[in-house]
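The values are calculated or read from the model by the stated rules, or taken from the named source; none is laboratory data. Everything numeric here is computed off the predicted structure, so don't read it as measured data. Cβ atoms come from the backbone with ideal geometry, glycine included; neighbour counts cover every protein chain shown. Ligands, DNA and RNA are excluded from the accessible area calculation, which covers all protein heavy atoms including side chains. Shrake-Rupley method; radii C 1.70, N 1.55, O 1.52, S 1.80 Å.
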Amino acid sequence: MAAPKTSSPLSDRRAVVDIGSNSVRLVVYEGPPRAPIPICNEKALCGLGRDMTEDGGLNPGAVSDALATLTRFRHVLDDLGRPPATAIATAAVRVSKDGPRFVEAARALGFDVDVITGEEEGKLAALGVVLVEPGATGIVGDMGGGSLELAMLSSGEAAGSVSLPIGPLNLMQASKGDAKRASKIIDDHLSEVPFLTKGASDTLYTVGGAWRAIARIHMGLKGYPLPVLHHYELTVGQVIEICDLLGKLSRKSLEEIPGIPRRRIDTLPLASTVLKAVLTRMKAKKVVVSTGGVREGLLYSGLSPQDKTLDPFLEACRFYADRLAPDAGFGEAAFDAIEPLFARDDPDGARLRYGTALLADIGAYFHPDLRGRHAFDTALRAPFYAVSHEERLWIALALFRRHQGRSAPPPNEEAMALLSEEARLQATRFGLALRFAAAIAPKAPAALKGCRLENRDGEIVFNAPSDRQALMGETPRRRFVSLASAFDAGAGEVYED
């Protein structure tokens, strides 16, 4: 596999302050520009768009809460070294008569707030999905407190967006608690969206706290064993079922569901109604939860053309290897040595194997008994983009096998059940190949230069320069035999001048 393009090693902090209709949030990111990692993520459900005054003004109590929250955010940013911060405001501030006054108050606190249009908000939400899912095709739905933004994505390019005033806070006021009236308002607005038609797209990417909360509730009710929200996929039938359930539950019943902020509870039934209406109109086949949204779209829009072409998964793997492995070059050297054993039968899996190899030594600084568990948990829970849940599990199992060998049971057997038997076998084989490479050249990537693993007519062969023969001691040979056994093959060695 040719060495992929990489960005500069910059990992400067940058921040986004997002003043929405329901929440005010601060996210501080670190890491590579193409794979930003949130290191600080705070929000307050201030409800700027809740109970607006009859003449279209912001709720005074909500304004006080929001400004107090921004004051706190200012102190947090000062303590973090004052990273560059972009501040935006969306629907509530955009439509309220006293929005300009609120913006001036925020600017007095040091935030140069940009009040973005609905169309800009929709496009940024779509670009946020592209940040975490390069090449995504589908419709992006960003459910905020005051509005719903819809955007079309085609192979990673935004192809139109609209903003509709049917966020749950607006619907509460417009419908005055009448469910039928709310449904009529929703349908009237959705009928105006030109690209929201039957067959327009198979996939809806959901963005926004309310819709993510719906997915998390589904995870809990299903007993899903991998608590990672990003790229959680549901069938349309599953989504409609949970939306119908949430629409019927009383507030008391909703309060008994763990993990839902109490101040979001009254918005969930209406957010569910909107989600069901969107899915019904577009005739989607699946829903994919995205952790990318407007804030990530802002970061993506600021990338250079070169950085936009990079693979966020591989960029993140390099970032973790640089910080957690004794020699970040070991993973790439190991990949070059063992990839010939896998490339012929599975050329399409090279990207996943390459990223996994980069992470091969991220457990090195932990106790030997804990390295496998640490690597497993990192792969399972790190904010990797552009990988599915099945791919996360594959990486986690391969890294566990790299440290713990073939016989040790993985830490989360229940989650492993999400992988096919064939996928588990391939992850085990790759992990054992990494384990062998680590024994031949422990933390010494130069020693792997010129080495090569191959499958020759049912025999796993280690081909290496003659001066590497001395490296094949007891532990490397034992691991080599274990690797060959995973292929139901013999083990052979060839050393050449």
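The table below gives the values:
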read-out: Global geometry of region 336-407, whether rounded, prolate or oblate, following the gyration tensor of its Cα atoms and the 1.5 cut on a/c; value: oblate
read-out: Global form of region 223-277, assessed from the alpha-carbon gyration tensor, a/c cut-off 1.5; value: oblate
read-out: Among beta bridges that DSSP assigns inside region 10-115, antiparallel share in %, nearest 5; value: 60 percent
read-out: Between region 435-482 and region 313-358, the alpha-carbon center distance in angstrom; value: 17 Å
read-out: Chain lengthening between Lys176 and Asp78 when straightened (0.36 nm per residue, less Cα-Cα); value: 31.0 nm
read-out: Convex hull projection area averaged over all views, region 10-115, Cα basis, nm²; value: 6.3 nm²
read-out: Cβ-based charge dipole, region 10-115, positive-most Cα from Gly20, Ala62, Ala92; value: Gly20
read-out: Per-peptide average of other Cβ atoms within 10 Å, ordering 168-178, 301-311, 287-297 highest first; value: 287-297, 168-178, 301-311
read-out: Rg(Cα) / (2.2 N^0.38 Å) computed for region 262-329, rounded to two decimals; value: 1.74
read-out: Lysines with Cα under 28 Å of Lys285, excluding same-chain neighbours fewer than 8 positions away; value: Lys123, Lys180, Lys184, Lys198, Lys222, Lys248, Lys276
read-out: In degrees, nearest ten, helix 312-324 long axis to first principal axis of the chain (Cα); value: 60 degrees
read-out: Estimated 222 nm signal from helices in the chain, with DSSP H stretches of n ≥ 4 weighted -39500 (n - 2.57), rounded to 500; value: -14000 deg cm²/dmol
read-out: Nearest-ten-degree value, helix 268-282 long axis tilted from longest Cα axis of the chain; value: 70 degrees
read-out: Pairwise Cα inverse-distance average, inverted: Kirkwood Rh of region 332-474 (Å); value: 15.4 Å
read-out: Share, in percent, of DSSP beta bridges within region 119-296 that are antiparallel, nearest 5; value: 65 percent
read-out: From the C-alpha gyration tensor of region 51-176, square roots of 5λ in Å; value: 27, 22, 11
read-out: Carbon and sulfur %, accessible surface of region 119-296 computed with the full protein complex present, 1.4 Å; value: 52 percent
read-out: Highest-first arrangement of 113-125, 140-152, 389-401, where packing means the average Cβ count within 10 Å; value: 140-152, 389-401, 113-125
read-out: Segment Glu157-Tyr365, length gained on full extension (0.36 nm per residue, minus Cα span); value: 70.7 nm
read-out: Separation of the Asp348 and Arg456 label points, Cα + 7 Å toward Cβ, nm; value: 3.1 nm
read-out: Cα shape, region 166-256, gyration tensor, a/c 1.5 rule; value: oblate
read-out: Kirkwood-type radius of region 119-296, with distances r between different C-alpha atoms, in Å; value: 16.0 Å
read-out: 0 to 90° range, to nearest 10: angle between helix 329-338 axis and the chain longest Cα axis; value: 60 degrees
read-out: Stokes-Einstein D in µm²/s, Kirkwood radius over Cα pairs - the chain at 20 °C with 1.002 mPa s viscosity; value: 87 µm²/s
read-out: Per residue solvent-accessible surface (Å²) - the chain, probe of 1.4 Å; value: 42 Å²
read-out: Relative pair counts by distance (%), Cα atoms of region 221-316, 5 Å bins; value: 2, 10, 15, 19, 18, 13, 11, 8, 3, 1, 0
read-out: Extension gain, Glu414 back to Ser388 (0.36 nm per residue minus Cα-Cα distance, nm); value: 7.6 nm
read-out: For the chain, share of DSSP beta bridges that run antiparallel, in % to the nearest 5; value: 60 percent
read-out: Within the accessible area of region 10-115 (1.4 Å probe), percent carbon and sulfur; value: 49 percent
